[in-house]
Structures are given as structure tokens and as C-alpha cells.
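Only one structure is covered here, and it is reproduced in the block below.
The values are calculated or read from the model by the stated rules, or taken from the named source; none is laboratory data. Here the structure is a predicted model, which is why all the values come from computation and not from measurement. FYI the Cβ positions are ideal-geometry reconstructions off the backbone, even for glycines, and counts take in every protein chain you see.
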Amino acid sequence: EAKNRGRGRYHFFTEELNKRVQDSISLDKNMRKALENDEYQLHYQPKIDIKSGTIVGAEALIRWVSPTQGSIAPDVFISLAEENGFINELGWWVLQDAIRQHTLWKNKGIDISISINVSAKQLLGDNFIDQFKKLLDDNEVDPGKIDIEITEYLFLQHSEENSKILHELHDYGVKISLDDFGTGYSSLSYLKRFPIDNLKIDKAFIDDYDSKRGSIFVDTIVKMGQTLNMKVIAEGVEHKEQVEYLSKIGCDQYQGYYFSRALNADDFETLFLEQSH
Ligand code: C2E
Ligand code: MG
Ligand code: MG
Ligand code: MG
């Protein structure tokens, strides 16, 4: 009986696994097809300067709007795209589209910096630096207005190569932000070795700002970042009290649903123009 149950479970397991493999194969195909069919969009979440309360930047966040499945969140496809290598192509589309939007806005007098998420795989891909510099040059973009968001995951592998690429970007004038700080493989030595301009405190710390220990963490990260000449940005701010706390401890910027979710380019523009007069 036990044997049967065991075999049954094994059977179930392979079916389950099979289904998962099939799902990821079809996701893999659909993801690539979606780029040909122009189904990806960038949405923009405002970055708020805490002192002035105004929008100083926008983070580009990818959306896959599938005609059959609706809007698909990046958490569903970015990690698969990293595994199967598609991230290089997709990431290149993201860079181009973000720079296109930045240029469009600049020409309308909307002069804000744009933050772009770049995965470690993409940074190490063929010619990332040359292609990226050429993209900025061709569009006469001020590199200081472009901010590349990386995660601590990048430090785990090929850290020598990554460090070289980040230094090259930084020397060119592009800003580097460390995203989701505190959730990954944080090591203070990385903050020393890599040219980080901005530290983004992960939402998990911001959620917990009102417990005794939680507030010590947020406070300490802000102080440490600023002592190292970094700007510190709080992620995932959902309540007024969090903004008040962040203001009290002198945090530089925040992002979060309290101010706005990521919006399509038109809606972002409307919001920006509303708050700027
Ligand atoms: P991230 O870069 O840390 O982006 C922040 C995520 O938190 C976004 O989710 C954003 O919509 C969400 N968020 C912002 N404020 C709040 C808030 O107040 N509350 C809550 N609950 N969530 C908030 P999203 O857009 O689903 O993106 C998830 C992740 O996918 C991003 O995390 C980033 O790691 C990745 N990603 C998004 N776009 C790209 C891209 O173009 N390229 C790459 N490589 N990764 C991307
Ligand atoms: Mg980010
Ligand atoms: Mg983040
Ligand atoms: Mg994240």
C-alpha cells in the first residue's frame, strides 16, 4: 500500500514537473514572440525628493501586456528571461525605450532623471558598455540623468568583471543605484569596492520602520549611505507616517504607492505637470 502511494506520488510529481516544464517552454516562446509583437511597455514610478516633495525622477518598470492574458508582472518573466538568455534582447529594448522616452520628455521641458533596472546577466553580455554609450551619444543624452539600478546579486558572481563595467559606466557619468538594499548578499566591502551613487532601502525595512529594531535599521542605513556620500532612497512607501519618519531622519528620496504607482508615460506626464505648478 505504501508502495502504491509512493508510486502514485511519483507519478503525480512527474506530471506536475512535466506541466511546469511545458509551461516554461511556452512562456519562453511567448516571451520572445511578445517582443516581435510589441507587447512590452515601460511604466514609470515617480521618485520624490523628500525635502521639496517634488518629482525628481522616474523608475522605468517593464510590463508585458498580452492580448490573451492581460498585464503580466515582471516577477513572472524576468527571472526566466535571465535563465534563458532572452534578458539581453529584452533589456536592450528597455534601454532604448527608456532613452526614447527620456528624450521626448526632455524636449517638452520635463527634465527628470530616469532609472533603469539592469540585470547582472545583461551587464555582462556582449558589448554592453559600447552599445549603451553609443545609445546615449546618438541621442545626446546627459549621462548624469541616467541611473542604472543593479541588485546585490551582481556581487555574487564575476564580481571583478562587474566592478570594471560599473566603474566604466560611472566614469562616463552614469549614476549607479543599489536596489533592494539589505535583502540580498549585502557586504559592506562591496559598498567600498563598487561605485554606488544611490542606496535604495528595500520595502521590507520600510514596512517595519515603526518597530524599535526596525527604525534602528532604517536610521542606520540612511546614516551609513549618506556618510559614504550616497543618496538614500526608501522603496515601497505606502503611508504618510512613513514619509514623516523618513523626513525626520533626513532620508533623501522615496518611491511608493503613497505618492503613486508606476504609470504609463502619458499618465506620468499628467501627474508631473500637475505637481510642478
Ligand atoms: P524593483 O526594481 O525593486 O521595483 C520595485 C517594485 O515594487 C515594482 O514592482 C513596483 O511597482 C513595486 N512598488 C513600488 N512601490 C510600491 C509600494 O508602495 N508597495 C508595493 N507593494 N510595491 C511597490 P514591479 O514593477 O512588479 O517590478 C518588480 C521587479 O521586477 C523590480 O523590482 C525589478 O527587479 C524587476 N524589473 C522591473 N522592470 C525591469 C526591467 O526593465 N529590467 C529588469 N532587469 N528588471 C525589471
Ligand atoms: Mg528597481
Ligand atoms: Mg527595489
Ligand atoms: Mg525588487
Considering each residue of the stretch 104-152, count those that are within 19 Å of LYS47 (Cβ to Cβ) and outside any loop (DSSP other than H, G, I, E, B), and give that number. 17
Assess whether VAL232 counts as being in a loop (DSSP other than H, G, I, E, B), under 30 Å from LEU104 (Cβ atoms) and either within 16 Å of ligand 3 (Cβ to nearest atom) or modelled with pLDDT under 95 (or both). no
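For the stretch 140-155, name all the residues that are out of contact with any Asp or Glu (no Cβ under 8 Å at 6 or more places or on another chain) and either among the basic types (Lys, Arg) or surrounded by fewer than 14 Cβ atoms within 10 Å (Cβ to Cβ) (or both). Steps first, answer last, please.
Initially, the stretch 140-155 is screened for residues out of contact with any Asp or Glu (no Cβ under 8 Å at 6 or more places or on another chain), giving 140-144, 146, 148, 153-155.
Listed by number, the residues that qualify are GLU140, ASP142, GLY144.
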Expected single match for away from ligand 3 (no atom under 16 Å from the Cβ) and within 26 Å of LEU246 (Cβ to Cβ) among GLY70, GLY53, GLY91, GLY57 is GLY53
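For the subset of the stretch 236-248 comprising residues that are surrounded by 21 or more Cβ atoms within 10 Å (Cβ to Cβ) and within 11 Å of ligand 1 (Cβ to nearest atom), which member is farthest from ASN198 (Cα to Cα)? Give the steps one after another, and end with the answer.
Pass one, the stretch 236-248, residues surrounded by 21 or more Cβ atoms within 10 Å (Cβ to Cβ): 237, 242, 246.
So of that shortlist, the ones also within 11 Å of ligand 1 (Cβ to nearest atom) come out as 237, 242.
On the way: VAL237: 17, GLN242: 20 Å.
Across the stretch 236-248, the extreme among qualifying residues is GLN242.
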Looking only at the stretch 144-177, count how many residues are out of contact with any Pro (no Cβ under 8 Å at 6 or more places or on another chain), free of Cβ contacts under 8 Å to residues at least 40 places away in the same chain and among the hydrophobic types (A, V, I, L, M, F, W, C). 5
